[in-house]
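**Q** Okay, here's the structure, questions in a sec.
The values are calculated or read from the model by the stated rules, or taken from the named source; none is laboratory data. If you're wondering where the values come from, they're calculated on a predicted model, not measured in any experiment. As a convention, Cβ positions derive from the backbone with ideal geometry for all residues, glycine included, and neighbour counts pool all protein chains shown.
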Amino acid sequence: MNIVVVIKQVPDLVEELELNDTGTDLDREWLKFKVNEFDDHALEAALLIKDAQGANVTVVALDNGLDIDKALYAAAAKGADRVVKVTGDFEGYVSSHAAAKALGAVIPSLGADLVLTGVQAVDDRDGQLAVLLAHQLGMAHVTVVTDINVSGSAATVHKEYGGGMIGEFNVQFPAVLGIQAAAETPRYVPVAKVRRAMKDTNIDEISADAAGVDAGTEVQKMYKPETGSGAEMLSGSAEDIASRIVEIIRGKGV
């Protein structure tokens, strides 16, 4: 069984985020990036299948100029059998539509029975990659998946709906699944193991093109959230505080 996992780097939200000169994207020059959380769960789901019943796991990423090699070496250190970097014009933000076109041109050559992606990413939140990729590949798909049980050439998967409802689907391979959460927390890989992988692992490179893709939407302007004047801290006796609260409420016309 061959499993292909798609990963990408996204901005680390603990960093201070600044806009670029045109206000249409983040200023990415000094940002710290990390593997998208949901992609990490997709990789863990693939590795759990491999651990339980055997599978060949290939991790694929677009070469977007964000030191994706390190992420691919980390995937190899965790247990991926092969890592592939898709080269082309992918620097900066790449829409789900463009990514699906490029990945859809590469994945057929990898002989995938099952393709796993994260359900969404912090830099798009559209949740469309699994759906668009399934369309490109002509495969069945289920997204927002929280559990996978593989049996032969099919899998029983759980899909999460709003309000905590869970649906169960039987999916025949080949198929694309958008992973919301793996059955276990994504495994930690020590730095020493990643360094060994950097010496022992070969990153395969395959070129692809995403030109001419209409993403459907275009960012015209981004703005930083407006900040208020802050909170007013009240002190004094209970009577003084109560009087001040009433004064504030009346001042706002309530």
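**Q** Which of the residues spanning the stretch 139-165 are surrounded by fewer than 11 Cβ atoms within 10 Å (Cβ to Cβ) and under 23 Å from the mean Cα position of the chain (by Cα)?
**A** Correct list: TYR161, GLY162, GLY163, GLY164, MET165.
**Q** Looking only at the stretch 15-50, count how many residues are free of Cβ contacts under 8 Å to residues at least 12 places away in the same chain and among the β-branched types (Val, Ile, Thr).
**A** Of the residues in that region, 1 qualify.
Per-residue answers, yes or no, for (1) assigned to a loop (DSSP other than H, G, I, E, B); (2) basic (Lys, Arg); (3) more than 18 Å from ALA181 (Cβ to Cβ); (4) touching a Cys at 6+ places or on another chain (Cβ under 6 Å):
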| position | (1), (2), (3), (4) |
| --- | --- |
| VAL4 | no, no, yes, no |
| LYS34 | no, yes, no, no |
| PHE38 | no, no, no, no |
| ALA52 | no, no, no, no |
| VAL60 | no, no, yes, no |
| GLY65 | yes, no, yes, no |
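**Q** Note down all Cβ pairs under 9 Å where the first residue falls in the stretch 198-218 and is of a type in the set (Val, Ile, Thr), the second is assigned to a loop (DSSP other than H, G, I, E, B), and they're at least six residues apart or on different chains.
**A** THR201/ALA80; VAL213/SER95; THR217/SER95; THR217/ASP126
**Q** Given ASP81, ASP67, which one is under 20 Å from LEU31 (Cβ atoms) and out of contact with any His (no Cβ under 6 Å at 6 or more places or on another chain)?
**A** ASP67
**Q** Would you pick out the residues in the stretch 194-238 that are surrounded by 10 or more Cβ atoms within 10 Å (Cβ to Cβ) and either more than 22 Å from the chain's Cα centre (by Cα) or basic (Lys, Arg) (or both)?
**A** Within the stretch 194-238, ARG195, ARG196, ALA197, MET198, ASP200, THR201, LEU234, GLY236 qualify.
**Q** Applying the selection to the stretch 137-164, what residues are out of contact with any strand residue (DSSP E or B) (no Cβ under 7 Å at 6 or more places or on another chain), over 15 Å from LEU114 (Cβ atoms) and at pLDDT 95 or above?
**A** Those that are out of contact with any strand residue (DSSP E or B) (no Cβ under 7 Å at 6 or more places or on another chain), over 15 Å from LEU114 (Cβ atoms) and at pLDDT 95 or above: none in the stretch 137-164.
**Q** Search the stretch 97-106 for residues being farther than 15 Å from GLN9 by Cβ and either small (Gly, Ala, Ser) or not in a helix (DSSP H, G or I) (or both), and hand back the single one that is farthest from the chain's Cα centre (by Cα).
**A** Among residues in the stretch 97-106 that are farther than 15 Å from GLN9 by Cβ and either small (Gly, Ala, Ser) or not in a helix (DSSP H, G or I) (or both), the one farthest from the chain's Cα centre (by Cα) is ALA105.
**Q** Within the stretch 177-193, can one find any residue that is β-branched (Val, Ile, Thr), within 17 Å of the chain's Cα centre (by Cα) and within 17 Å of MET1 (Cβ to Cβ)?
**A** There is at least one residue in the stretch 177-193 that is β-branched (Val, Ile, Thr), within 17 Å of the chain's Cα centre (by Cα) and within 17 Å of MET1 (Cβ to Cβ).
**Q** Just to be sure I understand, how many residues within the stretch 120-132 are under 18 Å from PRO11 (Cβ atoms), of a type outside the set (S, T, N, Q) and either crowded, with 21+ Cβ neighbours inside 10 Å or touching a His at 6+ places or on another chain (Cβ under 9 Å) (or both)?
**A** So the count comes out to 2.
**Q** Do you know which residues across the stretch 145-197 are free of Cβ contacts under 8 Å to residues at least 60 places away in the same chain, more than 19 Å from ASP39 (Cβ to Cβ) and of a type in the set (Lys, Arg)?
**A** ARG195
**Q** Let me ask something additional. Any chance the stretch 75-85 includes a residue that's assigned to a strand (DSSP E or B), modelled with pLDDT of 95 or more and under 30 Å from THR217 (Cα atoms)?
**A** Taking every residue of the stretch 75-85 in turn, at least one turns out to be assigned to a strand (DSSP E or B), modelled with pLDDT of 95 or more and under 30 Å from THR217 (Cα atoms).
**Q** Answer with yes or no whether ALA80 is touching a Ser or Thr at 6+ places or on another chain (Cβ under 8 Å), under 13 Å from LEU116 (Cβ atoms) and in contact (Cβ under 8 Å) with a residue 12 or more places away in the chain.
**A** Spelling it out, ALA80 is indeed touching a Ser or Thr at 6+ places or on another chain (Cβ under 8 Å), under 13 Å from LEU116 (Cβ atoms) and in contact (Cβ under 8 Å) with a residue 12 or more places away in the chain.
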